[in-house]
1. Please give the charge dipole size of the chain, origin at the Cα centre, charges +1 on K and R Cβ atoms and -1 on D and E Cβ atoms. Round to the nearest 20 debye.
2. Return the calculated 222 nm mean residue ellipticity for the chain, to the nearest 500 deg cm²/dmol, obtained by summing -39500 (n - 2.57) across DSSP H runs with n ≥ 4 and dividing by the residue count.
3. Based on the Cβ-Cβ distance from LEU175 to LYS3, what FRET efficiency comes out when R0 is 35 Å, to the nearest 0.05?
4. Residue-wise, which Karplus ³J(HN,Hα) couplings in Hz belong to the stretch 170-182, taking 6.51 cos²θ - 1.76 cosθ + 1.60, θ = phi - 60°, and x for glycine or proline?
5. Lys/Arg Cβ at +1, Asp/Glu Cβ at -1, dipole of the stretch 113-185 taken about the Cα centre: which of ASN128, THR144, THR161 is farthest positive-ward?
6. Hey, what did the chain get for relative contact order, percent, Cα under 8 Å, at least 6 apart?
7. Give, rounded to the nearest 20 debye, the magnitude of the charge dipole that the stretch 1-132 has about its Cα centre when Lys and Arg contribute +1 at Cβ and Asp and Glu contribute -1 at Cβ.
8. I'd like the orientation of helix 195-213 relative to the chain: the angle between its Cα long axis and the longest Cα principal axis, in ° from 0 to 90, rounded to 10.
Amino acid sequence: MKKPVVDYRSFRFSKLGEPEFSHLKLLGGWIVYFTLFFVSENLIPAETCHVIHCGLDDLIPFCEYFAIFYILWYVFVFGWLLYYLLYDIPQFKRLQIFIMLTQAIGMAIYILYPSRQDLRPDVFQHNNVFTHIMGLIYAFDTNTGVFPSLHVGYSIAILSTTWKDRSLPIGIKLLNLFFTLMVSISVCFVKQHSVLDVLAAVIMCIVIEIVLYCVKLYPKHSMEEKRSNRT
């Protein structure tokens, strides 16, 4: 088993400014995000939101089995953040910055251009564990603040970061590609998002990709990476 590159057992909040733990400040982006999520979910009336819909949405049936990918997405995001937090700090910074930018752009759009979708079924045709799961999700997550889809945005952020990680085998990268595609499909089949939300997330991530990797506004490589590039 790999040894973590940082011994977090010695972490104290008083050490947050030290180089060893300064990267943990990036996790504060989640506090800002959840605060803005609460505002957009509870303080913006649904009747004031723009309805997001296209003809393709009507051709996609509700399928509760896609809840599998929708739920596994939470493990996907948490798992990769934790992996890089333990074993590769530069990659953690790149991934977290990518995610923070999707959060910032997404929440700005949710607040300045409130959106909603009216695609959810009134009644589930089947009574099984997957429809129960979707019922719980519908109750927790309203049908507002949908354009763009952050489910898709986070998945692309992980795919982009892991695909550039030379330490990962191609099999893991292909698995991440498959999972990202399935998540993008699942949000439409469980009627959490319109196809337009997915397209908006893809465009948003392309813009972020250009900013981070073409304008070079991402964290510099570690010394180990620099040495490996010279050899």
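The values are calculated or read from the model by the stated rules, or taken from the named source; none is laboratory data. Computed from a predicted structure; not experimentally measured. Reconstructed Cβ throughout: ideal geometry from the backbone, glycine too, with neighbour counts over all protein chains shown. With ligands, DNA and RNA removed, areas are computed over all heavy atoms of the protein, side chains included. Shrake-Rupley method; radii C 1.70, N 1.55, O 1.52, S 1.80 Å.
1. Details: 19 positive and 17 negative charges, 273 e Å.
Dipole magnitude for the chain comes out near 1320 debye.
2. Numbers: 9 runs with 138 residues, N = 231.
Dividing the helical sum by the residues of the chain leaves -19500 deg cm²/dmol.
3. Details: r = 24 Å, r/R0 = 0.69.
Once rounded, the FRET efficiency stands at 0.90.
4. 4, x, 5, 5, 5, 5, 5, 4, 4, 5, 4, 5, 5
5. Highest projection toward the positive end goes to THR161.
6. 29
7. Values: 10 positive and 11 negative charges, 173 e Å.
So the magnitude is around 840 debye.
8. It is inclined by approximately 20 degrees.
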